[in-house]
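The values are calculated or read from the model by the stated rules, or taken from the named source; none is laboratory data. Here the structure is a predicted model, which is why all the values come from computation and not from measurement. Here Cβ is always computed from backbone atoms with ideal geometry, including for glycine, and neighbour counts include all displayed protein chains. With ligands, DNA and RNA removed, areas are computed over all heavy atoms of the protein, side chains included. Shrake-Rupley method; radii C 1.70, N 1.55, O 1.52, S 1.80 Å.
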Amino acid sequence: MTDADPAADGGVAPGGTDPAVEAIFDAVAATAPEIRAALPGRRVESGTDNPSGESVMAGDLYADELLGDAITAVDGVGSFVSEERETAVDAGGAVGEADGEPPYAVAIDPLDGSSNLRSNNAMGTVVGVYDAPLPATGRDLVAAGYVLYGPITTMVVADDAGVREEVVEADADGSVSRTVVEDDLRLPDDPLVYGFGGRVPDWPDDFTAYAREIEDELKLRYGGAMVGDVNQVLTYGGIFAYPALNSAPDGKLRLSFEANPIAYIIERAGGAATDGEVDILDVEPEGVHDRVPLYVGNEALIERLQAALD
Ligand code: AHM
Ligand code: MG
């Protein structure tokens, strides 16, 4: 396990987080160096499709198995769902019996941006901890986070107490340490960067008109992995979107595994998140693999976007 395991000694995690929630992020952090080390040999397609109909890379499968084992072993996890799995794994508990109390339902995107495996660019793991059976709205999140496999492995964790960034490192003795490097992440007031997914001819006209304005004001930062691109926005301020497309009105990203956790993090950091009409956290899901357009960033930029799409 990790050096920082508040559940082990009964202590309270930074920010007063529930020890069960902290144990979930301990499990995610403990897995990260192993996932990272396994990537060089897993840059090929696995030959299978996921429930969203997308080709699964060998790295996706490996990360999914490792994280599934680690998260379902945590006391306080009642259910586990993954972008790569059709159905939920029952981890031994009825989720949602009391607000803000375990057992929790944990939703993950094991390797976000895995098409970047071949080109060796950033990727991540996205985690949402819900206190209601899934599918649920983002209002049922009690915490969310992501690991960013960049030049440095970092983990961003958000809960009621705020948003913090940690460096995750494998130590020589095989343990994994979490070192808080930012304990109160806030979006900077003056936004600097933007990143929009999808092909421009596939953008609806109203979004294109908004994008033309933003291109004049901010600098483009788009790397093809939501986690990497959102981390740019969290660091420098700005807006990330995977918009509704003419060919895909619900966009590409998945509500439970991607949009909700990212919206929760950005909102806790002082920003805003919308599907173009309502706050992402209020979007009512029909199924756990639902897709949703996602626009996140500084509040003023999201307000302008919503006005542009009205
Ligand atoms: P994935 O989880 O299957 O990798 O898909 C999600 C990724 C996001 O990280 C990224 O924002 C988007 O898909 C990129 O899509 P595209 O390749 O269409 O630009
Ligand atoms: Mg993804």
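Take the conditions among the β-branched types (Val, Ile, Thr) and under 19 Å from the mean Cα position of the chain (by Cα) and apply them to Val74. Does it pass?
The answer is no for Val74.
Checking Leu234 against (1) aliphatic (A, V, I, L, M); (2) closer than 24 Å to Asp160 by Cβ; (3) in contact with a helix residue (DSSP H, G or I) (Cβ under 6 Å, 6 or more places away or on another chain): exactly one of these is not met. Which one?
(3)
Can you tell me which residue within the stretch 109-141, out of those that are in a helix (DSSP H, G or I) and open to solvent by 10 Å² or more (accessible area, probe 1.4 Å), is nearest to ligand 2 (Cβ to nearest atom)?
Taking the stretch 109-141 first, the residues in a helix (DSSP H, G or I) are 116-119, 138-140.
In the following step, the residues that additionally are open to solvent by 10 Å² or more (accessible area, probe 1.4 Å) were identified as 116, 118-119, 139-140.
Values: Asn116: 11, Arg118: 16, Ser119: 16, Arg139: 22, Asp140: 20 Å.
Restricting to residues being in a helix (DSSP H, G or I) and open to solvent by 10 Å² or more (accessible area, probe 1.4 Å), the top hit is Asn116.
Restricting to the stretch 142-189, name every residue that is within 19 Å of Ile71 (Cα to Cα), outside any loop (DSSP other than H, G, I, E, B) and among the small types (Gly, Ala, Ser).
Ala143, Ala144, Gly145, Ala158, Ala170, Ser177
Going by what's in this entry, would Ala91 be described as crowded, with 21+ Cβ neighbours inside 10 Å and touching a Phe, Trp or Tyr at 6+ places or on another chain (Cβ under 6 Å)?
yes
Could you check how many residues of the stretch 31-61 are open to solvent by 60 Å² or more (accessible area, probe 1.4 Å), touching a helix residue (DSSP H, G or I) at 6+ places or on another chain (Cβ under 7 Å) and assigned to a helix (DSSP H, G or I)?
The total comes to 1.
For Leu218, are the conditions met, namely being within 16 Å of the chain's Cα centre (by Cα), away from ligand 2 (no atom under 14 Å from the Cβ) and at pLDDT 95 or above?
no
Suppose the filter is open to solvent by less than 20 Å² (accessible area, probe 1.4 Å), out of contact with any helix residue (DSSP H, G or I) (no Cβ under 7 Å at 6 or more places or on another chain) and β-branched (Val, Ile, Thr); does Thr179 pass it?
no
How many residues are open to solvent by 20 Å² or more (accessible area, probe 1.4 Å) and under 19 Å from Ala244 (Cα atoms) when one looks only at the stretch 188-201?
5
Does the stretch 163-176 contain any residue that is away from ligand 1 (no atom under 16 Å from the Cβ), modelled with pLDDT of 95 or more, over 17 Å from the mean Cα position of the chain (by Cα) and surrounded by 20 or more Cβ atoms within 10 Å (Cβ to Cβ)?
Within the stretch 163-176 (the criterion being away from ligand 1 (no atom under 16 Å from the Cβ), modelled with pLDDT of 95 or more, over 17 Å from the mean Cα position of the chain (by Cα) and surrounded by 20 or more Cβ atoms within 10 Å (Cβ to Cβ)), the answer is yes, since at least one residue qualifies.
So which residues in the stretch 69-86 are within 20 Å of Asp131 (Cβ to Cβ) and without any contact (Cβ under 8 Å) to a residue 24 or more places away in the chain?
Matches in the stretch 69-86: Thr72 only.
Does Val193 satisfy the condition of being modelled with pLDDT of 95 or more, touching a Phe, Trp or Tyr at 6+ places or on another chain (Cβ under 7 Å) and over 27 Å from Thr31 (Cβ atoms)?
Here the answer is yes, as Val193 does meet what is asked.
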